[in-house]
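K.L.:
Input: one structure, supplied below.
The values are calculated or read from the model by the stated rules, or taken from the named source; none is laboratory data. Note that the structure is predicted; figures quoted are calculated from it, not measured. Counting neighbours? That spans all protein chains shown, and the Cβs are built from the backbone with ideal geometry, glycine included.
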Amino acid sequence: MKPAIHQLVAGFSNGDAISNEARVWRTTFRGWGHASEIYCETKRILPELRGDARDLATAAATIGPDDIAILHLSIGSDANLVFKNLRCRKAILYHNITPPDFFRGLNEEIVRHLVTGREHLALLRDTADINLAVSRFNAAEMTEAGYRDVGVIPLMVDRTHWKGPSDRRLTERYRDGHVNIVFVGRCAPNKRIEDLLFTLYYSQKYVNPHTRLIHVGSFAGLERYQGLLRTKAIELRLRNLVFAGSVRADELRAYYQAADVFLCLSEHEGFCIPLLEAMGHRVPVIAYDAGAIAETLDGAGVLVRTKDFGLIAETIQRIATDAALRNAILAGQDARLARFEHLDIPGLMRRALGLAAP
(Lines give C-alpha, C1' and ligand atoms only; values in the text may rest on other atoms or scores of the structure.)
Protein backbone atom coordinates (compact mmCIF):
# COMPACT_ATOMS: atom_id res chain seq x y z
CA MET A 1 0.00 0.00 0.00
CA LYS A 2 1.31 3.46 -0.91
CA PRO A 3 2.13 5.82 1.96
CA ALA A 4 -0.03 8.87 2.46
CA ILE A 5 1.70 12.18 1.73
CA HIS A 6 0.44 15.01 3.89
CA GLN A 7 1.38 18.70 4.03
CA LEU A 8 1.55 21.13 6.95
CA VAL A 9 1.14 24.87 6.33
CA ALA A 10 1.16 27.93 8.60
CA GLY A 11 -1.94 29.37 6.93
CA PHE A 12 -4.46 28.34 4.30
CA SER A 13 -6.22 30.92 2.14
CA ASN A 14 -6.98 32.01 -1.41
CA GLY A 15 -4.40 33.85 -3.48
CA ASP A 16 -1.53 32.85 -1.20
CA ALA A 17 1.42 31.27 -3.03
CA ILE A 18 2.07 28.55 -0.46
CA SER A 19 -1.62 27.65 -0.13
CA ASN A 20 -1.90 27.44 -3.91
CA GLU A 21 1.19 25.27 -4.13
CA ALA A 22 -0.06 22.95 -1.38
CA ARG A 23 -3.27 22.44 -3.36
CA VAL A 24 -1.33 21.63 -6.54
CA TRP A 25 0.87 19.13 -4.72
CA ARG A 26 -2.15 17.53 -3.05
CA THR A 27 -3.72 17.00 -6.48
CA THR A 28 -0.42 15.60 -7.77
CA PHE A 29 0.04 13.20 -4.85
CA ARG A 30 -3.52 11.96 -5.16
CA GLY A 31 -2.96 11.51 -8.89
CA TRP A 32 -0.05 9.21 -8.01
CA GLY A 33 -2.39 7.11 -5.89
CA HIS A 34 -1.42 8.47 -2.45
CA ALA A 35 -3.87 9.69 0.15
CA SER A 36 -3.07 13.36 0.76
CA GLU A 37 -4.39 16.08 3.07
CA ILE A 38 -3.37 19.60 4.06
CA TYR A 39 -3.10 20.38 7.79
CA CYS A 40 -3.30 23.85 9.31
CA GLU A 41 -4.41 25.48 12.54
CA THR A 42 -8.15 26.02 12.20
CA LYS A 43 -7.83 29.68 13.19
CA ARG A 44 -5.35 30.14 10.31
CA ILE A 45 -7.69 28.63 7.71
CA LEU A 46 -9.91 31.02 5.80
CA PRO A 47 -13.43 30.27 7.11
CA GLU A 48 -14.85 29.33 3.72
CA LEU A 49 -11.94 26.90 3.20
CA ARG A 50 -12.24 24.98 6.45
CA GLY A 51 -13.79 22.05 4.65
CA ASP A 52 -10.74 21.88 2.39
CA ALA A 53 -8.07 21.43 5.08
CA ARG A 54 -7.63 19.36 8.22
CA ASP A 55 -7.21 20.73 11.73
CA LEU A 56 -3.52 20.71 12.68
CA ALA A 57 -4.47 19.40 16.12
CA THR A 58 -5.44 16.07 14.52
CA ALA A 59 -2.16 15.60 12.63
CA ALA A 60 -0.30 13.55 15.24
CA ALA A 61 -3.20 11.10 15.58
CA THR A 62 -3.93 10.72 11.86
CA ILE A 63 -0.47 10.76 10.23
CA GLY A 64 0.91 7.24 10.57
CA PRO A 65 4.51 6.01 10.87
CA ASP A 66 4.56 4.84 7.24
CA ASP A 67 3.31 8.19 5.92
CA ILE A 68 5.28 11.18 4.64
CA ALA A 69 4.80 14.68 6.06
CA ILE A 70 5.96 17.79 4.20
CA LEU A 71 6.30 21.07 6.09
CA HIS A 72 6.05 24.29 4.10
CA LEU A 73 8.36 26.42 6.25
CA SER A 74 7.86 30.16 5.88
CA ILE A 75 7.13 31.72 9.31
CA GLY A 76 6.88 30.90 12.99
CA SER A 77 3.92 28.57 13.47
CA ASP A 78 2.57 25.76 15.65
CA ALA A 79 2.71 23.71 12.44
CA ASN A 80 6.50 23.71 12.76
CA LEU A 81 6.36 22.30 16.30
CA VAL A 82 3.76 19.66 15.42
CA PHE A 83 5.91 18.64 12.46
CA LYS A 84 8.99 18.26 14.66
CA ASN A 85 7.19 15.74 16.89
CA LEU A 86 5.59 13.63 14.16
CA ARG A 87 6.68 9.98 13.99
CA CYS A 88 6.91 9.45 10.27
CA ARG A 89 9.16 10.20 7.30
CA LYS A 90 9.53 13.98 7.08
CA ALA A 91 10.53 16.58 4.50
CA ILE A 92 10.93 20.35 4.83
CA LEU A 93 10.18 22.59 1.83
CA TYR A 94 11.64 26.00 2.66
CA HIS A 95 10.00 29.12 1.20
CA ASN A 96 12.23 31.59 3.09
CA ILE A 97 11.47 33.78 6.09
CA THR A 98 11.37 37.53 5.52
CA PRO A 99 13.81 39.40 7.80
CA PRO A 100 11.70 40.82 10.64
CA ASP A 101 13.31 44.26 10.56
CA PHE A 102 11.23 45.15 7.50
CA PHE A 103 8.10 45.09 9.69
CA ARG A 104 9.30 46.80 12.86
CA GLY A 105 7.08 49.73 13.77
CA LEU A 106 4.42 48.56 11.32
CA ASN A 107 3.12 45.29 12.75
CA GLU A 108 4.83 43.87 15.82
CA GLU A 109 2.78 40.66 15.68
CA ILE A 110 4.27 39.87 12.26
CA VAL A 111 7.71 40.70 13.67
CA ARG A 112 7.19 38.13 16.43
CA HIS A 113 6.09 35.47 13.94
CA LEU A 114 9.13 36.12 11.76
CA VAL A 115 11.54 36.09 14.70
CA THR A 116 9.97 32.82 15.83
CA GLY A 117 10.27 31.53 12.28
CA ARG A 118 14.03 32.12 12.36
CA GLU A 119 14.17 30.29 15.69
CA HIS A 120 12.19 27.40 14.21
CA LEU A 121 14.51 27.26 11.21
CA ALA A 122 17.35 26.54 13.63
CA LEU A 123 15.22 24.22 15.79
CA LEU A 124 14.24 22.00 12.85
CA ARG A 125 17.77 21.66 11.46
CA ASP A 126 18.12 17.94 12.24
CA THR A 127 14.43 17.05 12.18
CA ALA A 128 13.64 16.08 8.58
CA ASP A 129 14.85 13.16 6.52
CA ILE A 130 14.73 15.35 3.41
CA ASN A 131 15.60 19.05 3.17
CA LEU A 132 14.28 21.00 0.19
CA ALA A 133 13.97 24.63 -0.90
CA VAL A 134 12.03 26.33 -3.69
CA SER A 135 15.09 28.22 -4.98
CA ARG A 136 18.87 28.07 -4.86
CA PHE A 137 18.77 31.30 -2.85
CA ASN A 138 16.65 29.60 -0.19
CA ALA A 139 18.76 26.44 -0.32
CA ALA A 140 21.89 28.51 0.40
CA GLU A 141 20.16 30.01 3.42
CA MET A 142 19.26 26.54 4.72
CA THR A 143 22.84 25.37 4.22
CA GLU A 144 24.12 28.40 6.11
CA ALA A 145 21.72 27.48 8.94
CA GLY A 146 23.33 24.03 9.15
CA TYR A 147 20.99 21.92 6.99
CA ARG A 148 22.63 19.15 4.98
CA ASP A 149 22.05 17.90 1.44
CA VAL A 150 19.49 20.57 0.53
CA GLY A 151 17.72 19.93 -2.77
CA VAL A 152 15.95 22.53 -4.91
CA ILE A 153 12.39 22.02 -6.14
CA PRO A 154 10.92 25.17 -7.73
CA LEU A 155 7.41 26.25 -6.87
CA MET A 156 4.64 24.33 -8.58
CA VAL A 157 2.76 26.91 -10.65
CA ASP A 158 -0.77 26.25 -11.86
CA ARG A 159 -1.00 28.06 -15.19
CA THR A 160 -4.76 27.58 -15.28
CA HIS A 161 -4.94 30.59 -12.95
CA TRP A 162 -3.42 32.70 -15.73
CA LYS A 163 -6.00 31.65 -18.28
CA GLY A 164 -9.73 32.20 -18.45
CA PRO A 165 -11.99 35.22 -18.72
CA SER A 166 -10.96 38.65 -17.52
CA ASP A 167 -12.99 41.59 -16.29
CA ARG A 168 -13.48 43.54 -19.52
CA ARG A 169 -14.63 46.65 -17.72
CA LEU A 170 -11.34 46.91 -15.87
CA THR A 171 -9.29 46.32 -19.00
CA GLU A 172 -11.24 48.95 -20.91
CA ARG A 173 -11.01 51.40 -18.00
CA TYR A 174 -7.23 51.25 -17.87
CA ARG A 175 -6.40 50.88 -21.56
CA ASP A 176 -6.99 54.60 -21.97
CA GLY A 177 -3.69 55.79 -23.42
CA HIS A 178 -1.82 55.95 -20.11
CA VAL A 179 1.35 53.94 -19.57
CA ASN A 180 0.39 51.41 -16.91
CA ILE A 181 2.98 50.19 -14.41
CA VAL A 182 1.65 47.14 -12.55
CA PHE A 183 2.96 45.34 -9.50
CA VAL A 184 1.27 42.29 -7.97
CA GLY A 185 2.18 41.29 -4.45
CA ARG A 186 1.21 41.79 -0.86
CA CYS A 187 1.35 45.37 0.41
CA ALA A 188 4.30 44.56 2.66
CA PRO A 189 7.36 46.69 3.49
CA ASN A 190 9.87 44.23 2.03
CA LYS A 191 8.11 44.74 -1.31
CA ARG A 192 9.19 48.41 -1.15
CA ILE A 193 5.96 49.83 -2.52
CA GLU A 194 7.33 53.29 -1.70
CA ASP A 195 9.99 52.77 -4.37
CA LEU A 196 7.22 52.19 -6.88
CA LEU A 197 5.78 55.54 -5.79
CA PHE A 198 9.15 57.24 -6.32
CA THR A 199 9.32 55.71 -9.80
CA LEU A 200 5.83 57.02 -10.56
CA TYR A 201 6.91 60.47 -9.34
CA TYR A 202 9.88 60.56 -11.72
CA SER A 203 7.74 59.18 -14.53
CA GLN A 204 4.98 61.76 -14.14
CA LYS A 205 7.27 64.74 -13.49
CA TYR A 206 10.08 64.15 -15.99
CA VAL A 207 9.11 61.47 -18.53
CA ASN A 208 5.41 61.06 -19.21
CA PRO A 209 2.69 62.78 -17.16
CA HIS A 210 0.23 60.15 -18.38
CA THR A 211 1.74 57.31 -16.36
CA ARG A 212 -0.28 55.21 -13.95
CA LEU A 213 0.76 52.84 -11.15
CA ILE A 214 -1.51 49.94 -10.21
CA HIS A 215 -0.68 47.87 -7.14
CA VAL A 216 -2.63 44.64 -6.73
CA GLY A 217 -2.32 42.90 -3.38
CA SER A 218 -3.76 42.59 0.10
CA PHE A 219 -2.83 45.09 2.80
CA ALA A 220 -4.59 43.17 5.60
CA GLY A 221 -2.60 43.55 8.81
CA LEU A 222 -0.45 46.26 7.25
CA GLU A 223 -2.93 49.11 7.17
CA ARG A 224 -0.36 51.34 8.90
CA TYR A 225 2.11 50.75 6.07
CA GLN A 226 -0.52 51.47 3.44
CA GLY A 227 -1.47 54.64 5.31
CA LEU A 228 2.15 55.80 5.14
CA LEU A 229 2.17 55.05 1.42
CA ARG A 230 -0.97 57.10 0.87
CA THR A 231 0.55 59.96 2.84
CA LYS A 232 3.71 59.81 0.75
CA ALA A 233 1.60 59.81 -2.44
CA ILE A 234 -0.08 63.02 -1.29
CA GLU A 235 3.30 64.59 -0.47
CA LEU A 236 4.58 63.69 -3.93
CA ARG A 237 1.33 64.92 -5.53
CA LEU A 238 0.96 61.70 -7.46
CA ARG A 239 -1.92 61.17 -9.85
CA ASN A 240 -3.30 57.99 -11.39
CA LEU A 241 -2.33 55.80 -8.44
CA VAL A 242 -4.47 52.70 -7.89
CA PHE A 243 -4.32 50.50 -4.77
CA ALA A 244 -6.55 47.68 -5.99
CA GLY A 245 -6.20 45.48 -2.88
CA SER A 246 -7.20 41.82 -3.07
CA VAL A 247 -8.95 40.97 -6.32
CA ARG A 248 -10.74 38.08 -8.02
CA ALA A 249 -8.90 35.95 -10.58
CA ASP A 250 -10.72 37.60 -13.51
CA GLU A 251 -9.80 41.04 -12.18
CA LEU A 252 -6.15 40.03 -11.77
CA ARG A 253 -6.06 38.89 -15.39
CA ALA A 254 -7.55 42.24 -16.42
CA TYR A 255 -4.84 44.18 -14.62
CA TYR A 256 -2.16 42.11 -16.33
CA GLN A 257 -3.83 42.70 -19.69
CA ALA A 258 -3.83 46.45 -19.05
CA ALA A 259 -0.17 46.50 -18.02
CA ASP A 260 2.56 48.02 -20.16
CA VAL A 261 5.27 46.99 -17.69
CA PHE A 262 5.46 44.83 -14.58
CA LEU A 263 7.76 46.55 -12.08
CA CYS A 264 9.12 44.76 -9.01
CA LEU A 265 11.42 46.69 -6.67
CA SER A 266 11.11 44.26 -3.76
CA GLU A 267 14.17 43.78 -1.56
CA HIS A 268 13.43 40.26 -0.33
CA GLU A 269 11.94 37.42 -2.38
CA GLY A 270 12.37 33.68 -1.97
CA PHE A 271 10.97 33.01 -5.46
CA CYS A 272 8.35 35.62 -6.63
CA ILE A 273 5.67 33.86 -8.67
CA PRO A 274 4.22 37.14 -10.06
CA LEU A 275 7.33 37.43 -12.25
CA LEU A 276 6.27 34.24 -14.02
CA GLU A 277 2.63 35.34 -14.05
CA ALA A 278 3.63 38.55 -15.81
CA MET A 279 5.62 36.54 -18.35
CA GLY A 280 2.61 34.27 -18.85
CA HIS A 281 0.51 37.35 -19.64
CA ARG A 282 3.27 38.65 -21.96
CA VAL A 283 3.99 41.74 -19.89
CA PRO A 284 7.60 43.03 -19.98
CA VAL A 285 9.24 42.71 -16.56
CA ILE A 286 11.61 45.10 -14.82
CA ALA A 287 12.86 43.82 -11.46
CA TYR A 288 15.41 44.77 -8.83
CA ASP A 289 18.16 42.25 -8.19
CA ALA A 290 17.40 41.05 -4.66
CA GLY A 291 16.92 37.62 -3.12
CA ALA A 292 15.88 35.02 -5.68
CA ILE A 293 14.75 37.57 -8.31
CA ALA A 294 17.64 37.01 -10.73
CA GLU A 295 17.27 33.25 -10.34
CA THR A 296 13.55 33.37 -11.14
CA LEU A 297 14.09 35.67 -14.13
CA ASP A 298 16.90 33.40 -15.38
CA GLY A 299 18.18 35.95 -17.86
CA ALA A 300 14.75 37.24 -18.93
CA GLY A 301 13.22 40.66 -18.45
CA VAL A 302 15.22 43.70 -17.36
CA LEU A 303 17.23 43.21 -14.17
CA VAL A 304 18.26 46.42 -12.40
CA ARG A 305 20.99 46.48 -9.77
CA THR A 306 20.60 50.06 -8.54
CA LYS A 307 17.44 51.96 -7.73
CA ASP A 308 17.95 54.89 -10.06
CA PHE A 309 14.30 55.91 -10.25
CA GLY A 310 14.86 58.33 -13.10
CA LEU A 311 16.55 55.66 -15.20
CA ILE A 312 13.84 53.14 -14.34
CA ALA A 313 11.19 55.69 -15.38
CA GLU A 314 12.97 56.26 -18.70
CA THR A 315 13.24 52.50 -19.25
CA ILE A 316 9.52 52.04 -18.65
CA GLN A 317 8.70 54.71 -21.23
CA ARG A 318 11.12 53.19 -23.73
CA ILE A 319 9.58 49.73 -23.35
CA ALA A 320 6.07 51.17 -23.69
CA THR A 321 6.88 53.01 -26.92
CA ASP A 322 9.63 50.98 -28.64
CA ALA A 323 7.98 47.95 -30.23
CA ALA A 324 11.27 46.33 -31.21
CA LEU A 325 12.61 46.53 -27.66
CA ARG A 326 9.35 45.32 -26.17
CA ASN A 327 9.23 42.35 -28.55
CA ALA A 328 12.84 41.43 -27.78
CA ILE A 329 12.09 41.43 -24.05
CA LEU A 330 8.95 39.36 -24.56
CA ALA A 331 10.85 36.84 -26.69
CA GLY A 332 13.37 36.37 -23.88
CA GLN A 333 10.57 35.97 -21.35
CA ASP A 334 8.77 33.44 -23.56
CA ALA A 335 11.97 31.40 -23.71
CA ARG A 336 12.40 31.58 -19.93
CA LEU A 337 8.81 30.49 -19.35
CA ALA A 338 9.29 27.59 -21.77
CA ARG A 339 12.39 26.48 -19.83
CA PHE A 340 10.47 26.64 -16.59
CA GLU A 341 7.54 24.67 -17.97
CA HIS A 342 9.95 22.06 -19.35
CA LEU A 343 11.13 21.29 -15.82
CA ASP A 344 9.78 18.02 -14.49
CA ILE A 345 8.98 19.45 -11.05
CA PRO A 346 6.76 16.49 -10.04
CA GLY A 347 9.60 14.18 -11.03
CA LEU A 348 12.02 16.14 -8.86
CA MET A 349 9.68 15.75 -5.89
CA ARG A 350 9.08 12.07 -6.57
CA ARG A 351 12.82 11.37 -6.65
CA ALA A 352 13.46 13.53 -3.55
CA LEU A 353 10.85 11.56 -1.60
CA GLY A 354 12.18 8.24 -2.92
CA LEU A 355 8.90 7.26 -4.54
CA ALA A 356 8.53 4.85 -7.41
CA ALA A 357 7.16 6.22 -10.68
CA PRO A 358 3.35 6.10 -10.69
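K.L.:
Within segment 61-77, which residues are over 23 Å from residue 35 (Cβ atoms) and of a type outside the set (A, V, I, L, M)?
P.N.:
Result: 74, 76, 77.
K.L.:
Take the conditions buried (at least 21 other Cβ atoms within 10 Å of the Cβ), under 30 Å from residue 152 (Cα atoms) and of a type in the set (S, T, N, Q) and apply them to residue 218. Does it pass? Reasoning before the result, please.
P.N.:
On the way: buried (at least 21 other Cβ atoms within 10 Å of the Cβ): no; under 30 Å from residue 152 (Cα atoms): yes; of a type in the set (S, T, N, Q): yes.
Spelling it out, it is not the case that residue 218 is buried (at least 21 other Cβ atoms within 10 Å of the Cβ), under 30 Å from residue 152 (Cα atoms) and of a type in the set (S, T, N, Q).
K.L.:
From the list 355, 330, 337, exactly one residue is surrounded by 14 or more Cβ atoms within 10 Å (Cβ to Cβ), more than 18 Å from residue 191 (Cβ to Cβ) and modelled with pLDDT under 95. Which is it?
P.N.:
Only one candidate qualifies: 355.
K.L.:
How do the pairs read when you match residues in segment 337-349 that are in contact (Cβ under 8 Å) with a residue 60 or more places away in the chain and under 22 Å from residue 129 (Cβ atoms) with residues anywhere that are surrounded by 11 or more Cβ atoms within 10 Å (Cβ to Cβ) and of a type in the set (Val, Ile, Thr), using Cβ under 6 Å and keeping only pairs 6 or more apart or on different chains?
P.N.:
Here the result reads 346/28; 348/153; 349/153, each pair linking segment 337-349 to a residue that is surrounded by 11 or more Cβ atoms within 10 Å (Cβ to Cβ) and of a type in the set (Val, Ile, Thr).
K.L.:
Which one is surrounded by the fewest Cβ atoms within 10 Å (Cβ to Cβ) among residues in segment 102-133 that are among the basic types (Lys, Arg) and assigned to a helix (DSSP H, G or I)?
P.N.:
That would be 112.
K.L.:
Filter segment 204-228 down to the residues that are touching a strand residue (DSSP E or B) at 6+ places or on another chain (Cβ under 8 Å) and among the aliphatic types (A, V, I, L, M), then identify the one that is farthest from residue 286 (Cα to Cα).
P.N.:
Here the residue is 216.
K.L.:
May I ask you to list pairs of residues, at least six apart or on different chains, whose Cβ atoms are under 7 Å apart, with the first in segment 29-51 being more than 17 Å from residue 71 (Cβ to Cβ) and the second being surrounded by 15 or more Cβ atoms within 10 Å (Cβ to Cβ) and among the hydroxyl-bearing types (Ser, Thr, Tyr)?
P.N.:
Close Cβ pairs (under 7 Å, with a partner that is surrounded by 15 or more Cβ atoms within 10 Å (Cβ to Cβ) and among the hydroxyl-bearing types (Ser, Thr, Tyr)) amount to 30/36; 46/13; 49/13.
K.L.:
Okay, moving on. Name the single residue that is modelled with the lowest pLDDT among those in segment 248-270 being assigned to a loop (DSSP other than H, G, I, E, B) and more than 13 Å from residue 174 (Cβ to Cβ).
P.N.:
Only one residue tops the list, namely 248.
K.L.:
Related question: Restricting to segment 1-27, name every residue that is among the aliphatic types (A, V, I, L, M) and either modelled with pLDDT of 95 or more or part of a helix (DSSP H, G or I) (or both).
P.N.:
4, 5, 8, 9, 10, 17, 18, 22, 24
K.L.:
From the list 206, 202, which one is in contact with a helix residue (DSSP H, G or I) (Cβ under 8 Å, 6 or more places away or on another chain), under 26 Å from residue 294 (Cβ atoms) and part of a helix (DSSP H, G or I)? Step through it out loud before you land on a result.
P.N.:
Numbers: 206 fails: under 26 Å from residue 294 (Cβ atoms).
Residue meeting the stated conditions: 202.
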